[in-house]
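> Following this message is one structure expressed as structure tokens.
Just so you know, all these numbers are worked out from the coordinates, no wet-lab data involved. Computed from a prediction, not measured in an experiment: that's the story for all the values here. Reconstructed Cβ throughout: ideal geometry from the backbone, glycine too, with neighbour counts over all protein chains shown.
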């Protein structure tokens, strides 16, 4: 039994039993991958996959148990490599993070600048995606940490902890009537305006919808996007008003828009940081978690 056999098993399952796709990920050929799995079955004395001709159609009951054990072995091996790399590199190493656009663009730069001052030889790997993709990056070992507001808590294999809290805000073009009012806009006023905000999977959108629903109102959403900068651009062009994460507004740079407070009906959100359960964190990784939890969004400071 060897690690390559276990990786072949794991990747075949991850790729939906598609041997061609698994072989591409492992940089090998399909026949070589099949051979690795057959040799593992021969050594263990059981059939891991149900077969229909040359195709795998499902895991056997024994195969499911073997896969679970293989996952544990490969995770322990990855942990051992991490420890070795850390001691070999001294204070060097690689900090790998998966994050949504808002986190990568507006939260991480401040934290990583501070982190780099303490660990000047550190290298960084930054992956971006929607919250579900961020979680998968961490689950599959492509990143040590995931940073997002949604979804991370849904994965039983992830250890999640709060990083920092934030709110949404309203953004309007300069000169918009809402900006000229003496008080903050009401939920009713917001519902009467064409609205630009996040897609349902991103950055607290569910909380936005829930705030309108509590008043029996349906917002007139004319444009949805995953990127705060895209939303700001269309607000500045006059497509509508926006509701975005407060952290994403920089008064010095965003001269064509104004930020207004939202009514209290809109909730406070918590961005969470996740890593795999059972994966030991190295000293510099624990320090990153600490810095992330100490972060205060500049707009809320």
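> Using just the helices of the chain, give the 222 nm mean residue ellipticity in deg cm²/dmol: DSSP H runs with n ≥ 4 each add -39,500 (n - 2.57), and the total is spread over all residues, rounded to 500.
Numbers: 11 runs with 122 residues, N = 301.
The helix-only estimate for the chain comes to -12500 deg cm²/dmol at 222 nm.
> Same structure, new question: Expressed in nm to one decimal, what extension gain is obtained for the pair residue 27 and residue 201 from 0.36 nm per residue of sequence separation less their Cα-Cα distance? Please list the in-between numbers first.
Working: separation 174, 0.36 × 174 = 62.64 nm, distance 3.31 nm.
Length gained, residue 27 through residue 201: 59.3 nm.
> Convert 10 °C to kelvin, take the viscosity as 1.306 mPa s, use the Kirkwood radius over C-alpha pairs of the range 168-267 as Rh, and evaluate the Stokes-Einstein diffusion coefficient in µm²/s, rounded to a whole number.
Details: Rh = 13.3 Å.
The diffusion coefficient I find is 120 µm²/s.
> Also, I was wondering about something else. Between residue 264 and residue 73, 0.36 nm times their residue separation minus their Cα-Cα distance comes to what? Present the calculation step by step, with values, prior to reporting the outcome.
Details: separation 191, 0.36 × 191 = 68.76 nm, distance 4.90 nm.
That works out to 63.9 nm of additional length.
> Hey, what angle do you get for helix 108-118 against the long axis of the chain, alpha-carbon based, 0 to 90 degrees rounded to 10?
Roughly 60 degrees between the two axes.
> Here is a follow-up. Return the inverse of the average 1/r over all pairs of distinct C-alpha atoms in the chain, which is the Kirkwood hydrodynamic radius, in Å to one decimal. Mind showing how you got there, number by number?
On the way: mean 1/r = 0.0455 Å⁻¹.
That comes to 22.0 Å for the chain.
> Apply 1/(1 + (r/R0)^6) to the Cβ-Cβ distance of residue 118 and residue 81, taking R0 = 22 Å, and write down the FRET efficiency to the nearest 0.05.
Numbers: r = 23 Å, r/R0 = 1.06.
Calculated transfer efficiency: 0.40.
> If you wrap a convex hull around the alpha carbons of the range 208-282, what volume per residue comes out, as a whole number of Å³? Could you put the intermediate results ahead of the total?
On the way: hull volume 11.6 nm³, N = 75.
Normalising the Cα hull of the range 208-282 by residue number yields 155 Å³.
> Just to verify a number: FRET efficiency for residue 128 and residue 20, C-beta to C-beta distance, R0 = 35 Å, to 0.05?
Working: r = 27 Å, r/R0 = 0.78.
In this case the efficiency is close to 0.80.
> Moving on. If you take the Cα Rg of the range 3-86 and divide it by 2.2 N^0.38 Å, with N the number of residues, what do you get? Intermediate values should be presented prior to the final figure.
Details: Rg = 13.1 Å, N = 84, 2.2 N^0.38 = 11.8 Å.
Ratio of Rg to 2.2 N^0.38 Å for the range 3-86: 1.11.
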